[in-house]
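The values are calculated or read from the model by the stated rules, or taken from the named source; none is laboratory data. Worth saying up front: this structure is predicted, and the values here are computed from it rather than measured. Every residue, glycine as well, gets a Cβ built from its backbone with ideal geometry; the counts of neighbours run over all protein chains shown.
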């Protein structure tokens, strides 16, 4: 039986070696490998106690990887999908909202580079930024060229 426990911890550590995972993600990915009830919880408790599982590192990792291309709304969805606590999600989203317009402007610049000549073009640019999770306020400022923030 000890081999199975090691196997679960080993699998969890291999997943964590690739990127940060939340506890909820590890539970979902490893549940099918559990041999006896409670075994996975014990393994994850031990890894969390030793600092291998960290909600804060998951948040920082996702923000680092995704915030340059995505708005706060989309990052919020991804954090929630990972099972991150509501408090940590709120704090991360609040931080991202401070740079929302600048990040949206950079995404817009890379994709389009210039203001659309007609309303249909502007609507297309706005839909693109909205699909990336940027706020309506940031989208309006960027697409209308409101650099007078």
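General observations
- Within the stretch 84-122, the set of residues being at pLDDT below 95 and under 30 Å from residue 57 (Cβ atoms) is empty.
- Residue within the stretch 47-66 that is without any contact (Cβ under 8 Å) to a residue 12 or more places away in the chain and on the phi > 0 side of the Ramachandran plot present: yes
- Filter result (over 14 Å from residue 12 (Cβ atoms), touching a helix residue (DSSP H, G or I) at 6+ places or on another chain (Cβ under 7 Å) and at pLDDT below 95) within the stretch 25-76: 35
- For the stretch 95-103, the criterion of being more than 30 Å from residue 144 (Cα to Cα) and either touching a strand residue (DSSP E or B) at 6+ places or on another chain (Cβ under 9 Å) or buried (at least 19 other Cβ atoms within 10 Å of the Cβ) (or both) is met by no residue.
- Per-region count, the stretch 107-116, residues surrounded by 13 or more Cβ atoms within 10 Å (Cβ to Cβ) and over 16 Å from residue 130 (Cβ atoms): 1
- Test result for residue 106, farther than 30 Å from residue 11 by Cα and touching a helix residue (DSSP H, G or I) at 6+ places or on another chain (Cβ under 8 Å): no
- For the stretch 34-46, the candidate set comprises residues that are in contact (Cβ under 8 Å) with a residue 24 or more places away in the chain and part of a loop (DSSP other than H, G, I, E, B); within that set, the residue that is surrounded by the fewest Cβ atoms within 10 Å (Cβ to Cβ) is 36.
- Failed condition for residue 78, given (1) free of Cβ contacts under 8 Å to residues at least 24 places away in the same chain; (2) surrounded by fewer than 13 Cβ atoms within 10 Å (Cβ to Cβ); (3) under 30 Å from residue 28 (Cα atoms): (2)
- Entry remark, the stretch 123-137: residues being touching a residue at least 24 places away in the same chain (Cβ under 8 Å) and more than 24 Å from residue 58 (Cα to Cα) number 2 in total.
- For the stretch 16-33, the criterion of being over 21 Å from the mean Cα position of the chain (by Cα), surrounded by 12 or more Cβ atoms within 10 Å (Cβ to Cβ) and in a helix (DSSP H, G or I) is met by at least one residue.
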